[in-house]
């Protein structure tokens, strides 16, 4: 049995795509996932599965949500080890890391796309793109950032979802 973290994008924001966490936990348990835990209302799930392929788990979660709630929700699933690696490999010092955002990528973008996306700069922001994550730091916070997951999805041609430092810490602690 492996531990996974599933990240849903765009639920319970501004009254759109409402997904109550109690119902979500029940749906995913009925779909065969085990020890399903949620953290806050923004689509953070820690679960266990005997499946080895994260795409199979993503598809299972996606279909369960679509069937019950009748809307599409992008789903990214990472292993506990993948999430730990993303967290530990932040390029920022501890002060910036605590205020940074982790934009997790579903697929590894091509080198060319990473190079193109890396050319864009804003004076108040720092970011680094890796195969699995974009590390983003803006002193004013994600809401004031010129960059966001939509921008990076469009440029890197892969699904992405952002989580802050505190959420990453909590998800990793729930994986233990």
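Among the residues of the range 129-176, those that are within 22 Å of residue 107 (Cβ to Cβ), exposed (fewer than 15 other Cβ atoms within 10 Å of the Cβ) and touching a strand residue (DSSP E or B) at 6+ places or on another chain (Cβ under 9 Å) comprise 131, 150.
Matching residues to (1) assigned by TED's automatic domain parsing to the domain that holds residue 152; (2) within 17 Å of the chain's Cα centre (by Cα); (3) buried (at least 16 other Cβ atoms within 10 Å of the Cβ):
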{"site": "66", "(1), (2), (3)": "no, no, no"}
{"site": "72", "(1), (2), (3)": "no, yes, no"}
{"site": "76", "(1), (2), (3)": "no, yes, yes"}
{"site": "89", "(1), (2), (3)": "yes, yes, no"}
{"site": "101", "(1), (2), (3)": "yes, yes, yes"}
{"site": "118", "(1), (2), (3)": "yes, no, no"}
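In the range 35-47, is there at least one residue being without any contact (Cβ under 8 Å) to a residue 40 or more places away in the chain and over 15 Å from the mean Cα position of the chain (by Cα)? Yes; the residues of the range 35-47 include at least one that is without any contact (Cβ under 8 Å) to a residue 40 or more places away in the chain and over 15 Å from the mean Cα position of the chain (by Cα).
Looking only at residues in the range 38-62 that are under 18 Å from residue 12 (Cα atoms) and loosely packed, with under 15 Cβ neighbours inside 10 Å, which one is modelled with the highest pLDDT? Among those that are under 18 Å from residue 12 (Cα atoms) and loosely packed, with under 15 Cβ neighbours inside 10 Å, it is 40. Taking strands (runs of 3 or more DSSP E) as the structural unit, those lying wholly within the range 89-152 and holding at least 3 residues that are closer than 20 Å to residue 77 by Cβ and touching a residue at least 60 places away in the same chain (Cβ under 8 Å) correspond to 100-105.
The values are calculated or read from the model by the stated rules, or taken from the named source; none is laboratory data. All figures in this text were calculated on a predicted structure; none of them were measured in a lab. Reconstructed Cβ throughout: ideal geometry from the backbone, glycine too, with neighbour counts over all protein chains shown.
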